[in-house]
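Below is one structure; the comments refer to it alone.
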Amino acid sequence: MGKRQFWIAREYEKCSGCRKCEIACSLFHEKRVWPEASRIRIFMLVPGVEFPHLCVQCQDYPCVEACPVNAMSVGETGAVIVDKDACIGCGACIDACPGKIPHLHPAENYAVVCDLCGGDPQCVKVCQEGGWKALVKVEREENVDYRKYAKSPEELTRELAFAFYGEKSEELLPC
């Protein structure tokens, strides 16, 4: 029997923008503080509107399907796994993702995307320990369409700016 599948739920309004999740992720994966190589990214396209952006593990995994060299697969936890030796860095996964979530590693030519740290997501641990609780590990449910959470940073900025600032938020948006 495989591991239980889960995803990382986000409560955007609780995000402080501290970026500790990026640090924890890069330490885990890169063995050094390197937020640009983190599998989770904090975006701030409008001042005061900061939020975590990471894979939602869509049920149909469009990024995995789009990979022309089969460098992506789905792991036991439901996370997307990238074979960095097989990945050619073509960006097909980025184009296929409804949230434009994968990105290319800043020093090597392969896609990076949240792999749920093998079942123990470091970003969730540091967010919970810090008391923000913007990231929560939640068991996946079969009847939930997770793809609806896969939004680009620009889409999320618009939604959050409107929620935080109301109708006047359109004046703030550069995108």
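The values are calculated or read from the model by the stated rules, or taken from the named source; none is laboratory data. These numbers were taken from a predicted model, which means no experiment stands behind them. Positions of Cβ are generated from backbone atoms using ideal geometry, with glycine treated the same way; all protein chains shown enter the neighbour counts.
Consider region 1-21. How many of its residues are closer than 24 Å to ALA111 by Cβ and either among the aromatic types (Phe, Trp, Tyr) or free of Cβ contacts under 8 Å to residues at least 24 places away in the same chain (or both)? So the answer is 3. Within region 44-74, the set of residues being over 26 Å from ARG19 (Cα atoms), of a type outside the set (Phe, Trp, Tyr) and modelled with pLDDT of 95 or more comprises PRO62, VAL64, GLU65, ALA66, CYS67, PRO68, VAL69, ASN70, ALA71, MET72, SER73, VAL74. Contact map, region 141-167: residues that are surrounded by fewer than 14 Cβ atoms within 10 Å (Cβ to Cβ) paired with residues that are of a type outside the set (Ser, Thr, Tyr) and in a helix (DSSP H, G or I), Cβ distance under 9 Å, separation 6+ or inter-chain. Pairs shown: ALA163/GLU13. Any residue that is out of contact with any Gly (no Cβ under 6 Å at 6 or more places or on another chain), of a type in the set (Phe, Trp, Tyr) and part of a helix (DSSP H, G or I) - is there at least one of those in region 136-155? Within region 136-155 (the criterion being out of contact with any Gly (no Cβ under 6 Å at 6 or more places or on another chain), of a type in the set (Phe, Trp, Tyr) and part of a helix (DSSP H, G or I)), the answer is yes, since at least one residue qualifies. Among the residues of region 70-94, what is the count of those that are touching a helix residue (DSSP H, G or I) at 6+ places or on another chain (Cβ under 9 Å) and among the acidic types (Asp, Glu)? Residues meeting the conditions: 1. Return the residue satisfying two criteria in turn: it lies in region 126-175 and is out of contact with any helix residue (DSSP H, G or I) (no Cβ under 7 Å at 6 or more places or on another chain) and of a type in the set (Lys, Arg), and of such residues it is modelled with the lowest pLDDT. Looking at residues that are out of contact with any helix residue (DSSP H, G or I) (no Cβ under 7 Å at 6 or more places or on another chain) and of a type in the set (Lys, Arg), I get LYS168.
Taking each residue of region 105-117 that is free of Cβ contacts under 8 Å to residues at least 40 places away in the same chain and part of a loop (DSSP other than H, G, I, E, B) and looking for partners that are among the aliphatic types (A, V, I, L, M) and crowded, with 22+ Cβ neighbours inside 10 Å with beta-carbon atoms closer than 8 Å, six or more apart or interchain, yields TYR110/VAL82. Return yes or no: is PRO106 within 15 Å of the chain's Cα centre (by Cα) and modelled with pLDDT of 95 or more? Judged against the criteria, PRO106 is not a match. Scan region 17-30 and give yes if some residue there is at pLDDT below 95, crowded, with 18+ Cβ neighbours inside 10 Å and aromatic (Phe, Trp, Tyr), otherwise no. No. Out of ILE88, ILE101, ILE81, one residue alone is of a type in the set (Val, Ile, Thr), surrounded by 16 or more Cβ atoms within 10 Å (Cβ to Cβ), more than 19 Å from ARG4 (Cβ to Cβ) and modelled with pLDDT of 95 or more. It is ILE101.
Of all positions in region 108-116, at least one carries a residue that is among the aromatic types (Phe, Trp, Tyr) and in contact with a Leu (Cβ under 9 Å, 6 or more places away or on another chain). I'm trying to understand the selection: among the residues of region 31-69, which are on the phi > 0 side of the Ramachandran plot and surrounded by 18 or more Cβ atoms within 10 Å (Cβ to Cβ)? Of everything in region 31-69, those that are on the phi > 0 side of the Ramachandran plot and surrounded by 18 or more Cβ atoms within 10 Å (Cβ to Cβ) turn out to be GLN57, TYR61.
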